[in-house]
Structure formats: C-alpha cells, structure tokens
Amino acid sequence: MPILIQDLNFSYQLHTPFERVALRDVNLEIPSGALVAFVGHTGSGKSTLVQHMNGLLKPTSGKIQVDDIIIEPKKKQDLKPLRKRVGLVFQYPEYQLFEETVLKDVMFGPRNFGHSEEEAKALAEEALRTVELDERFWSRSPFDLSGGQMRRVAIAGVLASRPDVLIVDEPTAGLDPDGRQKMLRLFARLHAESGMTLLLITHDMDQVLEYTERVVVMADGRVAFDGTPLELFAQETLVEQFRLDLPHVLSLTWALADRLGRERPLLRTEAEAADWIIALKEGRP
Ligand code: ADP
C-alpha cells in the first residue's frame, strides 16, 4: 500500500499561545512493501509524522494519501478503515496491555474492527505465533510475562488486524542486546515474508545500516535527508550536523582503513566487517 505525503505541515495547539510547529513542508513517497527507517533527534517530528499516516493526527495543511484513502485538513471521514490497514506500535507498547489474558488482549484489535469472536481468536493465535510467544503463555495475564514478552504481545495485538503497513516507534528501547537483536530479526522476517510496508523509528544506527534500504532523517520538522544508509553515513558533515552515531561496523572498519591509508569499505553487517578484516590481515586486496 503506497503512502504519499504532500506539503504536510502540522502545528500542535494551533491558534493558541502554545502553538508549536512540528512538521514543515514534508513530502515523501513510500512505495508498497518498503522498509524505511526514520531517524533524527528527539523532538525532530518523527512521531508526529507517523501519527499522520494512520489518522491519529490531521494535517494543518497539505495531504496524506494511503492507497486510496486521502486525509486532508478538516475533512470529516471515518478513519477506521485507515487504522485497520496502518498499524502503529507506540514506544513501550506493553504499557497499553490491559486484558485478563494474553489471548484476550491480542483479540481486542480484530474485535474492534468488527471480526466475530471466533475470527478474532484465530487472528490473535496466528499473530501470537508470528511473534513467537509460546502457547503456554496465552492464557496467562500479560502482566505475568517478562518485559520482552509483554512487548511481543503488544505487537501481536497490532499484527492481529493484519495491517498492510506496520509502523513501529523505537521497538527495541529498553531491551537488552539479545532482546534487541531478536526483535529486529522478527521485524525483518515479518517484512520479508508478508511484504508489508515497515516503517521503523529508531535511534540505533546499527539497525538502520543492517536492516533498512532507505533512511529518512528528520530535523526541526523537516525531511533533512532521504536516501540509503550508506549514502548518509558516508557524508561526515551530515552525520555531524544531525548528531547521529556512526554504526559500529563502519566506525571500526573506517578507522582501520584510515590508519592504513585504504579506501573506506561500504559494509553493512558484522559478518561483512569480519571478512574484510580477515582479508586485510591475509594481505588480500
Ligand atoms: P520525535 O518523535 O522526533 O521525538 P515529536 O514528533 O514527538 O518528535 O515532536 C515534534 C515537536 O512537536 C517537538 O517540538 C515536540 O516538543 C512537539 N510536540 C510533540 N507532541 C506534542 C504535544 N502533544 N503537544 C505539543 N507539542 C508537542
């Protein structure tokens, strides 16, 4: 499902003394099935932008088009069809769990979108399998689970409505390194297997480099960069300007390359970095 954003501007508390411009002239085209990372400093407008994509916020001016649904300022429309197709997982989504059991919690979305009890149960079970939560937890209270498991339940709750677009805001925040890896692999697999469009808000440049093909940098409410991760990281002035970290794979291999007077390699994973270092050691070109 393609997403088209045209000349989007948004201000919080418009026409009040507290008015705050959060998005300025944003134009973006996201083709169906894309995997895009959104990065940028706190307050740069990432969350505000993605909330426009499922109708939680409406533009002050400009428009958003998701497939055939057009969202414009002040237009009166039923946003349920949009919310069913664009699933949004907020930061720390586990804080929004509330039902008595895991299964009931995950069924809430499909029930809300009009599925029968039976259909909702089938969808919820499928989603719980997708996030790899063992069946023995399904009848437990979500509050008896670990933090990482709770987050999986919350993500299953969004997946259960089978969205075409999945937006995740800092999905690995607060997880340990192992939990972060597992969570990212889950999203990469979901994206590869289902062809769903995946928009990932993250501060983790390692994730951006390894998993995404396209990165949008937001700065002061504007799209400040839109290209591939390697294009971004190769431009030192941009990395400095946006105060981004260099991914570890690049900071290490580029430091080595600089020391040895070699060209900086364009690598994306630790495995590629290891191969490059071994080749260096063995004196291969
Ligand atoms: P990010 O997700 O990149 O951290 P946000 O979209 O949350 O950025 O914020 C963009 C701007 O909008 C910031 O200046 C922030 O202070 C402001 N903002 C965010 N939410 C609100 C709100 N509910 N009311 C007023 N201003 C807000």
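The values are calculated or read from the model by the stated rules, or taken from the named source; none is laboratory data. Just so it is clear, the model here is predicted, and its values are computed rather than measured. Every residue, glycine among them, receives a Cβ derived from its backbone with ideal geometry; neighbour counts consider all protein chains shown. Note: areas computed on protein heavy atoms with side chains; ligands, DNA, RNA excluded. Shrake-Rupley method; radii C 1.70, N 1.55, O 1.52, S 1.80 Å.
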Checklist entry - Give me the pairs: first residue in the range 188-204 and on the phi > 0 side of the Ramachandran plot and in the same structural domain as Gln51 (by TED's automatic domain parsing), second residue in a strand (DSSP E or B) and open to solvent by 40 Å² or more (accessible area, probe 1.4 Å), beta-carbon distance under 8 Å, and six or more apart or on different chains, which are they? => result none
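Assess whether Val26 counts as being open to solvent by less than 30 Å² (accessible area, probe 1.4 Å), within 13 Å of the ligand (Cβ to nearest atom) and touching a His at 6+ places or on another chain (Cβ under 8 Å).
Working: open to solvent by less than 30 Å² (accessible area, probe 1.4 Å): yes; within 13 Å of the ligand (Cβ to nearest atom): yes; touching a His at 6+ places or on another chain (Cβ under 8 Å): no.
Here the answer is no, as Val26 does not meet what is asked.
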Item to check | Unmet requirement for Tyr95, which otherwise passes all of (1) open to solvent by 50 Å² or more (accessible area, probe 1.4 Å); (2) within 13 Å of the ligand (Cβ to nearest atom) | outcome: (2)
Item to check | Boolean, Leu128 is at pLDDT 95 or above and aliphatic (A, V, I, L, M) | outcome: yes
Checklist outcome for this item: Taking the range 208-240 and keeping residues within 16 Å of the ligand (Cβ to nearest atom), under 23 Å from Gly33 (Cα atoms) and open to solvent by 50 Å² or more (accessible area, probe 1.4 Å) leaves Asp226
Checklist entry - When the range 39-65 is examined, which residues are found to be of a type outside the set (Val, Ile, Thr), near the ligand (Cβ under 8 Å from one of its atoms) and surrounded by 19 or more Cβ atoms within 10 Å (Cβ to Cβ)? => result Gly40, Ser44, Gly45, Lys46, Ser47, Leu49
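Can you name the residue in the range 104-119 that is outside any loop (DSSP other than H, G, I, E, B) and under 13 Å from Pro81 (Cα atoms) and is also most open to solvent (accessible area, probe 1.4 Å) among such residues?
The selected residue is Asn112.
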